[in-house]
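Report on the following structure.
The values are calculated or read from the model by the stated rules, or taken from the named source; none is laboratory data. Remember, it's a predicted structure, so these values are computed and weren't measured experimentally. Note: ideal-geometry Cβ built from the backbone for every residue, glycine included; neighbour counts use all protein chains shown. The protein model used for the area step is the full one, side chains on, heavy atoms only, and it has no ligands, DNA or RNA in it. Shrake-Rupley method; radii C 1.70, N 1.55, O 1.52, S 1.80 Å.
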Amino acid sequence: MAHSGIDILFQGQNFHRFLQGFGVTLRVAVITLLIGGVLGIVLGALRTLHNRPLQVILRLYLEIFRIVPTVVLLFVVYYIVPQLFHLDMSGELVAIVTFALWTGAEMSDIVRGALIAVPQHQVESAQALGLNRLQQLRYVLLPQALPVALPGTINLATRIIKTTSLLLMISVMDIVNVGQTLVEANSHQHPAFAFWVYGIMFIMYYILCAPLSWWAKRIEKQRLERSNG
Amino acid sequence: MAEALLSVRHLEKAYQKNVILTDINFDVHKGEVVALLGRSGSGKSTLIRTLNGLEPFQKGELRFAGEVVQPKAATWLQLRQKIGMVFQSYDLFPNLTVLDNICLAPTKVAKRARAEVEPEAQSLLASVGLAEFADRYPRQLSGGQKQRVAIVRALAMHPEMMLFDEVTASLDPEMVRGVLDMMVDLAKQDMTMIVVTHEMNFARQVADRVLFLDDGTITADTPAEAFFTAPPTASAKEFLASMNF
């Protein structure tokens, strides 16, 4: 297997570049989850209010970000927003903005679902104590809703990580883009090299997503056991 | 007689076309205990819930401490600090310890210092024999203990009036006494109370007056003793008989 190409992985800067790609993927995913998560909690809380125009707007926002493929959203922000507003945005920033808006939409649905799952009498006893809506959310509803929302949020996190592979489309050097570059540069001499590159990608994504997926399953199971007990 | 603490005039409530309460009129004076009795579905719970704005009403007027209550959110927020309420379902917040449940509203709503509220909460808990439960979570308490904590939680706001909506209805029979005793003690301390209950012996023991509701209307407003010894209407008589009283 001397010429299978695995040695090319470790030539020069190749493996280092791969790790850098891994870092970009991780960074975009984490920042997206943080911003999108906070946005989603705020929007999810707003979606429990009985205000018709607000509900229509938030629902529309959710549907647009759900129906339009993320790659299209990414292109819209990448090509149109900078021209429209004369902004100079790096590819990574474009991606974070787009993914965070998408994550916020998805997250708002998870949070809303968890909030309305809190029994109505919890809301009423908070009201009866004189808590205003914001205090009800902060001290009573969100602390009870967020554990319920956690498995869904973790699953969303794995989707975010996988969606970062779209970074390739706007020339950000994430795992996929680094791998693609390496394959294109070397597959002439070593056709089997691609196998190693995609193998590494597989392992890297697996390392990021598998523990999350396992964690989500575990806490969901614990929660069900507790609620049945 | 002095001015009523709470007075209700021509109150009417409907869900869409469905009229629940019609022309409700009554006064509650300071220190008075009023039992609100009636069959299931007569509107007792709905009536008590309109008194602190949990249910909106369409017509009529509420006055509290002489002031007309404007039925809007800001007024209710203010009023709920003065009117405590305990419900049938256990509604301690499961995410907070017993002590935090009690301290939440006094610190966040009444904006009092935690250092001042906490000793008071502790002594309130001690007075109902629950001192050692301060740091536990609601799920570690029995139903009766939860209800006593819920009453303490409402009292920690220093309310001028308390509303009790069938607070013993979901308790196991052996838990009921402890909760009722606590309410009897409150009545002795001259707390103004409106009590919805199915415990006739308790109502007779604690109440100064009985309001009897029939189909969303008050059909009797009489001193408690008179209500039980000589029910003023045929319907009230039937009701007491059905409660095996």
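Helix B:98-108 axis versus longest C-alpha principal axis of chain B: approximately 80°, rounded to the nearest ten. Across all Cα atoms of chain A, the radius of gyration (one decimal) and Dmax (whole number) stand at 21.8, 76 Å. With the largest listed first and rounded to whole Å, the semi-axes of the equivalent ellipsoid of the protein assembly as shown from the Cα gyration tensor are 62, 24, 18. Applying the criteria of a DSSP loop state and at most 13 other Cβ atoms within 10 Å to the trypsin sites (Lys or Arg not before Pro) of the range B:1-58 yields B:Lys17.
How many times 2.2 N^0.38 Å is the alpha carbon radius of gyration of the range A:80-146?
Values: Rg = 18.4 Å, N = 67, 2.2 N^0.38 = 10.9 Å.
Rounded to two decimals, the normalised Rg is 1.69.
For a label point 7 angstrom out from the Cα of B:Asn201 toward its Cβ, which stretches of the range B:140-176 have the backbone nitrogen within less than 14 Å? Label zone hits: B:173-176.
Amide H contacts for B:Thr192 (H built 1.01 Å from N in the peptide plane; partners 5 or more residues away or on another chain; cut-off under 5 Å): B:Gly31, B:Met162. Solvent-accessible area per residue in the range A:6-228 equals 53 Å², computed with a 1.4 angstrom probe and all protein chains kept. For chain B, the pair-distance distribution built from all alpha carbon pairs, in bins 10 Å wide starting at 0, is 7, 31, 36, 21, 5, 0 percent.
I'd like the mean, over residues of A:111-124, of how many other protein chain beta carbons sit within 10 Å of each residue's own Cβ.
For peptide A:111-124, the averaged partner shielding equals 2.
Compute the distance from the alpha-carbon center of the range A:131-171 to that of the range A:3-24, in whole Å. Going from one Cα centre to the other spans 34 Å. With angles folded into 0 to 90 degrees, how steeply does helix B:143-155 sit against the dominant principal axis of chain B? Use alpha carbons for both and round to 10. Approximately 90 degrees, to the nearest ten.
A:Ile80 contributes an accessible area of around 80 Å² to the protein surface, as traced by a 1.4 Å probe with all chains present. The label point for B:Tyr15 and the one for B:Gln78, both projected 7 Å from the Cα toward the Cβ, are 3.1 nm apart. Inter-chain Cβ neighbour count for B:89-96, averaged per residue, equals 6 (cutoff 10 Å, partner chain atoms only).
In order along the range A:102-112, phi translates into HN-Hα couplings of 5, 4, x, 5, 5, 5, 4, 5, 5, 5, 4 Hz, rounded to whole numbers, per the Karplus curve 6.51 cos²θ - 1.76 cosθ + 1.60 with θ = phi - 60° and x for Gly and Pro.
Each part reduced to its alpha carbon centroid, the range B:78-111 and the range B:142-206 end up 15 Å apart.
How far is helix A:14-46 tilted, in degrees, relative to the longest principal axis of the Cα atoms in chain A, given as a value from 0 to 90 rounded to the nearest 10? So the helix axis and the longest Cα principal axis differ by about 10 degrees.
P(r) tail for the range B:81-171, what percent of Cα pairs lie past 16 Å?
49 percent
Loop-resident trypsin sites (Lys or Arg not before Pro) (DSSP state other than H, G, I, E or B) in the range B:64-149 with no more than 16 further Cβ atoms inside 10 Å of their Cβ: B:Lys72, B:Lys82, B:Lys111, B:Arg136.
Once all protein chains are placed together, A:His121 keeps about 60 Å² accessible to a 1.4 angstrom probe. Electrostatic bookkeeping for B:Gln58 treats Lys and Arg as +1 and Asp and Glu as -1; over the other residues with beta carbon under 13 Å from its beta carbon, the sum is -1.
For the pair B:Val184 and B:Asp23, the difference between a 0.36 nm per residue extended length and the Cα-Cα distance amounts to 54.9 nm.
Averaging the Cα positions of each part gives two centres, and for the range B:1-62 and the range A:51-105 these lie 51 Å apart.
A simple rule links phi to the HN-Hα coupling: the Karplus curve 6.51 cos²θ - 1.76 cosθ + 1.60 with θ = phi - 60°, which for the range A:68-73 gives 6, x, 4, 5, 5, 4 Hz, with x for Gly and Pro. Taking amide hydrogens as placed 1.01 Å from N in the peptide plane, the amide H of B:Met85 sits under 5 Å from those of B:Leu163, each at least 5 positions away in sequence or on another chain. Projected label points at B:Ala234 and A:Val76, each 7 Å from Cα along the beta carbon direction, are separated by 7.1 nanometres. Between B:His158 and B:Ala115, the contour length at 0.36 nm per residue exceeds the Cα-Cα span by 13.8 nm.
A straight chain from A:Ala210 to A:Val56 at 0.36 nm per residue would run longer than the Cα-Cα distance by 51.8 nm. In this structure, the amide hydrogen of B:Ile218, modeled 1.01 Å from its nitrogen in the peptide plane, lies closer than 5 angstrom to those of B:Asn25, counting only residues at least 5 positions away or on a different chain.
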